[in-house]
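Every number in this text was worked out from the coordinates using simple rules, so none of it is lab data. From a predicted model like this one, the values you see are computed outputs, not experimental measurements. Positions of Cβ are backbone-derived with ideal geometry, glycine not excepted, and every protein chain shown enters the neighbour counts.
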Amino acid sequence: MQTTQRPSLSIANEHMTRTPVQPTLQLRAHGAMARPASAMVTYIKIVAPCALTAALWTHVWLGSFGSILIAVAVMAGFLALSRLFIAAGKRSGWARRVSFGERVWLNRMVVPIPQNLNFRITTLYLVFWTGTLVAMTGGFTASLLLALSGLTVAYATQFVCFRKLIHLHSIMQDKTALYRFWSIEAVNDNSRSGLQSA
């Protein structure tokens, strides 16, 4: 008497031996919600410490409440600019690569990055924000010493941080398909370059 194995058991065994695909799905979902910012955001980050310090300095003429309103208006203007120029800047430009590097750093819980770079970039961000807060305090108290020293620390740290972020992107851009996709430039099929590449 011949006995045959039921198909359901073989299908169940095959299903149990398959590798789970959940981590890939989580990476795709995370990446879809967290795209790199435009190059305009990098330029805004350069202007922001000085602009906010100057806005708070206006309390000498407008009073404390007026200077806070000016600072809020400046921040709202920066936010509007970052939304309007969402695709500004070439993908190969340095400002765009800074945005890519920052997004890679923010995604470090999903895609691990080198620990030495993570420590340095985190420290640089902390020093940058400390310098910016000192400069803004100097603006709000009309202290030229605090404002200038805070801005000096903030800008020196910021440009070092930009270099580290560009370096981070250069070593991580081929680690996942998501990071490679960020660097792909869209080509219009109706354009001359698009027709030549087709």
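Please identify the trypsin sites (Lys or Arg not before Pro) of region 87-160 that satisfy two criteria: DSSP loop assignment and at most 13 other Cβ atoms within 10 Å. Which are they?
Working: sites: Lys90, Arg91, Arg96, Arg97, Arg103, Arg108, Arg120; in loops: Lys90, Arg91, Arg108.
Sparse-neighbourhood loop trypsin sites (Lys or Arg not before Pro): Lys90.
As I understand it, the dipole of region 50-185 uses +1 on the Cβ of Lys and Arg and -1 on the Cβ of Asp and Glu, about the Cα centre. Which of Gly66, Val153, Ile166 lies farthest toward its positive end?
Towards the positive end, the residue furthest out is Ile166.
Calculate, for Leu62 and Ser149, the FRET efficiency according to 1/(1 + (r/R0)^6) with r their C-beta to C-beta distance and R0 22 Å; round to the nearest 0.05. Can you show the working numbers first?
On the way: r = 24 Å, r/R0 = 1.11.
It comes out at approximately 0.35.
Averaging over every viewing direction, what projected area does the convex hull of the Cα atoms of region 73-177 cover, in nm²?
If I average the Cα hull's projected area over directions, I get 7.9 nm².
Taking the Cα centre of region 45-184 as the origin, how large is its charge dipole in debye, to the nearest 20, when only Lys and Arg (+1) and Asp and Glu (-1) carry charge on their Cβ atoms? Walk me through the numbers before you get to the answer.
On the way: 13 positive and 2 negative charges, 124 e Å.
Using only the charged Cβ atoms, the result is roughly 600 debye.
If each residue of separation counts as 0.36 nm, what is the full-extension length gain between Leu126 and Met109 once their alpha-carbon separation is subtracted? List each step's numbers first, then the result.
Working: separation 17, 0.36 × 17 = 6.12 nm, distance 1.88 nm.
Length difference between fully extended and current span is 4.2 nm.
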